[in-house]
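Just so you know, all these numbers are worked out from the coordinates, no wet-lab data involved. Remember, predicted model here, so these are calculated numbers, not experimental data. For neighbour counting, all protein chains shown are included, and Cβ atoms are generated from backbone atoms with ideal geometry for every residue, glycine included.
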Amino acid sequence: MNKLLNQNTQEPVPDILPVVPTMDVVVFPHMIVPLLVLDEKIIRGINQAMQESKLVLLLAAKNFVDNQGAIGTGDLYHVGTIATIMRIIKVPEGGVKILVQGVSKGYAREIITQEEMLHARVEKFELEQSDLDELTPQIRNIKAVAEKMASSGYTFSPDFHIILSKMQDPDKIADFILSHLNLNIEQAQQLLETSNQQELLDAIYHYLNKEIEVAEIQEKIKSNARESMNKAQKEFYLREQLKAIKQELGEDDAEEIDIMRESLKQLPVSDEIKTEIMRQINRLERTAPDSLEATVTRNYLELIFALPWGKKTEDNLDIQHAKKVLDEDHYGLKDIKDRILDFISIRNLKKDGYAPILCFVGPPGTGKTSLGKSIARSLGRKYGRLSLGGVKDEAEIRGHRRTYVGAMPGRFIQAIRKAGSTNPLLIIDELDKIGADFRGDPSAAMLEVFDPQQNGTFYDNYLGVPFDLSEVMFIATANTIDTISEPLRDRMEIIELSGYTPEEKINIAKQHLTAKAIADTGLENRGIQITDEVIQEIILNYTRESGVRQLERIIRKLCSKAARALVEKGTLPTFTPENLDQCLGPRKFLEDDLGVEDQIGISNGLAWTTYGGEVLKIEAVLMPGKGKLTLTGQLGDVMKESAQAAVSYARAHAKEFGINNKLFNTTDLHIHIPSGAIPKDGPSAGITLLTSILSAYTNRPIHADYAMTGELNLRGEVMPIGGLKEKVLAAKRNGVAHVIAPGKNKNDLIGMEEITKGIDIIWVSHVNEVLERVLEPIQKGK
Ligand SMILES: Nc1ncnc2c1ncn2[C@@H]1O[C@H](COP(=O)(O)OP(=O)(O)OP(=O)(O)O)[C@@H](O)[C@H]1O
Ligand SMILES: [Mg+2]
């Protein structure tokens, strides 16, 4: 062990030194500090040191122990500083005050507690040295930062910078800076114990930088405070002026409050609610008119008086009228219109009869929202609409408490306010896209809204008083019922709208969309023509959708082009299927999109998404390899599993299909499903996957004019699937001639002649029936 030398005197440091605990300071080498010592035991140690080397070991106490309590050895850190006692003065209270200067760091290997004294066996605390060249840049940084600190308002002793700029030794620089910082005990002790030079310098550098940041922020806060003070004074002055002006004009706030009190008397609400509102009015009167609180209360009262308390519209229950309105607005949708007429009939017989909550479910653009609007019109009810898409916070439905800054009532109260009656028809759009997160579950709040037992006293947190929603007629719309919670689904009557067939779309366009677009663009009575052929062309080659939203948009586009031509050139253009691309750009879909050619490994599958049906190609290809299966195209887990099941089926029946068994070990199989944007999951691609796989293994091309859907089990049975109606419509849209579907789904299409017209549907129960049809027979010589 290196012998420890007193750096001041170059004399050896004794092995055992008296210990002086320090309470609220960590003393670094070179630091000079006064310490007050009251403990007899410690004073005895100091006295002993004074007679010998004058050295003591300063050890910081871990927790702040107040001077009365005795310090145990366990309370002391073991790394401390050896210090010389420079001066000792007796204080009248009985203790001593010593002035010490740190000499070097020391490590207490052992702390020895004797009856009358506290000693430690001391060893040198070695700093792991680094190459001076490596340290130089860091030293330069530290000096620069220390310089900067002075300029950002940090006060050091006056000659700090002069001394620092002259220093070269890294250890000394570290100790010197440390002795000037306001560190807390833990920080200081940690730095004292850092045994690597480089690390120590890094830590100091970071600390200094942080200090600068803090100093800068403090400075900023100070100056902000100064500014806002001035602003507040200015505002006060302006407000006083405003008040004076108002008084001159006779627009005193007092009047506003009187008016409110008067209106409250007229309000048809219960006494309880009246009391609450009155409380708020009084509160407004008491608060300074321009304070934030007054604004909050005023907004609240404004809402209260804007709500249609007790205002109701009379329902028009004339069935013939309703029928007329519904037919005027929408083509087809017979079942749904019937259901609505049923509802009106019940109302005729029983005024407060059972009012179901209807939920329209179907692909986008199929008229769900607009149907709701039309029902409101036929009943003569006011109409309001709110969308729950992406609503995650329960407060969006139940409102925020008013204590919140920027608090608002929930969507229902807002919608009622807008609608202006207590019995409007409210359309709740995108019920399926309601979310949930840590701020509560909005669908639980919806349950309350829909519950006839509870919605008579619907409580909105912002409103703070109950509001009667029981007379509201709710109509919800959704693209799928899968994501709607079970209890919510239970409270509604689900009415499904499927996509439209091309013929229906043509009729909708002719009877509704074109007329609407013409009226909206001011082209009435100007003789603009949009022929059936043009509409057909748009439906086939510009929009392949389940609903008619794109179709409507494109017809509007044509009308606006025509309006422009009329204004600019004075003539109306004639649209033909051939010249459409001049207005609308190149056709988005071409008729031969699906590929009319029969190919090996490529089959047409049918998928169902919330956007309606889709035709998907499934591609399988073999390449030399070792029997690996690769799946690409962003497939979901269930789809991946059905691909594996299909491969297993093919292998199990290799002989039957005439597959050379060797192929399974000498080739890799790659299955790909293009169309990245369509989510692909579910088991319904089973038979399609198998078809592609077998085609790849046997080189038999697949008939391109077939599309199929069906789950496959390992016995080869074709299991039922969902969304068949939409899938058939998609097949028709895409010009498929034959659709293969599970026989167990046959009931799905009963009575749907509109949909099944013009397409050949083949019902199957075993996969062999599929393969016989779609795979071309083996050709000799291949
Ligand atoms: N059968 C129909 N007859 C006349 N117009 C229709 C018919 N179906 C839809 N439309 C029109 O198509 C447009 C789109 O309909 P709407 O906005 O109601 O769709 P949606 O079903 O609510 O779709 P989303 O699920 O995207 O909300 C509307 O202008 C609507 O009037
Ligand atoms: Mg809608």
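Does anyone have the angle between helix 686-698 and the longest principal axis of the chain? Alpha-carbon axes, 0 to 90°, nearest 10? Value to nearest ten degrees: 90. Assuming a ≥ b ≥ c are the square roots of the Cα gyration tensor eigenvalues, decide whether the chain counts as rounded (a/c under 1.5), prolate (otherwise, with a/b larger than b/c) or oblate. Oblate. The separation of the range 442-485 from the range 701-750, counted between C-alpha centres, amounts to 39 Å. Going from the fewest other Cβ atoms within 10 Å to the most, the residues 159, 460 appear in the order 159, 460. Helix 334-349 and the long axis of the chain differ in direction by around 80°, with both axes built from C-alpha atoms. Here the relative contact order of the range 252-333, from alpha carbon pairs under 8 Å that lie six or more residues apart, stands at 27 percent.
Taking only C-alpha pairs under 8 Å that are 6+ residues apart, what is the relative contact order of the range 385-424 in percent? Kindly include the intermediate steps, with their values, before the conclusion.
Working: 28 pairs, mean separation 12.9, N = 40.
Averaging sequence separation for qualifying contacts and normalising by length gives 32 percent for the range 385-424.
Packing order of peptides 471-477, 512-518, highest average first: 471-477, 512-518 (average count of other Cβ atoms within 10 Å over each peptide's residues). Centre-to-centre, using Cα atoms only, the range 330-405 and the range 604-683 are separated by 43 Å.
Rounded to the nearest Hz, the phi-derived 3J(HN,Hα) couplings of the range 301-311 under the Karplus curve 6.51 cos²θ - 1.76 cosθ + 1.60 (θ = phi - 60°) are 5, 4, 4, 3, 7, 8, 5, x, 3, x, 8, where x marks glycine and proline.
Phi angles across the range 511-528 convert, under the Karplus curve 6.51 cos²θ - 1.76 cosθ + 1.60 with θ = phi - 60°, into 3J(HN,Hα) values of 8, 10, 5, 5, 4, 4, 5, 5, 5, 5, 9, x, 9, 4, 6, 10, x, 6 Hz, Gly and Pro given as x. Peptides 110-123, 42-55 ranked from most to least packed, by the mean per-residue count of other Cβ atoms within 10 Å: 42-55, 110-123. Amide hydrogen proximity for residue 104: with H placed 1.01 Å from N in the peptide plane, the residues at 5 or more positions away or on another chain lying under 5 Å are 82. As a proxy for reagent exposure, 492, 708 were ordered by neighbouring Cβ count within 10 angstrom, fewest first; the result is 492, 708. Mean separation of Cα pairs under 8 Å and 6+ residues apart, divided by the residue count of the chain: what relative contact order is that in percent? Relative CO of the chain lands at 7 percent.
A simple spin-label model places pseudo-atoms 7 Å from Cα toward Cβ; at residue 750 and residue 481 they are separated by 1.8 nm.
Helix 637-652 and the longest principal axis of the Cα set of the chain meet at an angle near 60°.
Per DSSP H run of n ≥ 4, the term is -39500 (n - 2.57); total these for the chain, divide by its residue number, and report the mean residue ellipticity at 222 nm rounded to 500 deg cm²/dmol. Taking each H run of at least 4 residues, the total per residue is -13000 deg cm²/dmol. Shape of the range 438-492 from its Cα gyration tensor (a ≥ b ≥ c, root eigenvalues): rounded if a/c is under 1.5, otherwise prolate when a/b > b/c, or oblate? Judged from the Cα gyration tensor, the range 438-492 comes out oblate (a/c at least 1.5, b/c at or above a/b). Each part reduced to its alpha carbon centroid, the range 529-578 and the range 78-104 end up 97 Å apart. Sequence-ordered 3J(HN,Hα) estimates for the range 284-296 from the Karplus curve with 6.51, -1.76 and 1.60 and θ = phi - 60° stand at 4, 4, 6, 7, 4, x, 9, 6, 4, 4, 4, 4, 4 Hz, glycine and proline given as x.
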